[in-house]
Structures are given as C-alpha cells and as structure tokens.
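Just below is one structure, and these are the notes that go with it.
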Ligand SMILES: [Zn+2]
C-alpha cells in the first residue's frame, strides 16, 4: 500500500501513478529507481492544479519541463479512458 501525495489516502500500487526521481537520470513517469511519489488514479488528484507543486515537494526537486510535458501527456491520455479509474 502506498500513500497518494494529494489526498493522503493509501492505495494498492496498481491504482497509483508512480513518479520516480532517479538521481542520475532525472524524473520518470511509472519507471526508474530512486525516491518515488505516488498519485492515485482519481481525476481529483492527478488533475489537481497543485499537483506539480506537491510532486516537487515530495521528490525534493524541481520538475524539468521535459518531465512536465510527459506527465501532462500521460494524464491527458489516461483521462481519455475514464472507466479504467476508480
Ligand atoms: Zn489521491
């Protein structure tokens, strides 16, 4: 069980997006090794306007524009299939 950084509830890993800060290679969406933060797959959380700030705080780093681009693409495409959510 992991904690969602937005709603602070715990979820099974499969119901969460994992964002990992790899100290050598930068920040990854759903892959990589290192400090990780989790966001549950409820729209309220992953589309929260403050989610990027919360991520930066949880990962203790600033988000690279390249990562933000990937993040937004992932959550937008996830949004296209609302029935996959919880
Ligand atoms: Zn949440």
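Bear in mind that the values in this text are calculations on the coordinates, not laboratory data. Quantities reported herein were computed from a predicted structural model and do not represent experimental measurements. Counting neighbours? That spans all protein chains shown, and the Cβs are built from the backbone with ideal geometry, glycine included.
Using alpha carbons only, how many degrees (0 to 90, rounded to 10) separate the axis of helix 65-79 from the longest principal axis of the chain?
10 degrees
Can you give me the Kirkwood hydrodynamic radius for the chain, using every pair of distinct Cα atoms, in Å to one decimal?
For the chain, the Kirkwood estimate is 12.9 Å.
Between residue 3 and residue 61, what FRET efficiency comes out of the Förster formula 1/(1 + (r/R0)^6) with R0 = 22 Å and r the beta carbon distance, rounded to 0.05?
0.75
Roughly what would the spin-label model give for residue 69 and residue 13, points 7 Å off Cα along C-beta, in nm?
It works out to 3.0 nm between the two label points.
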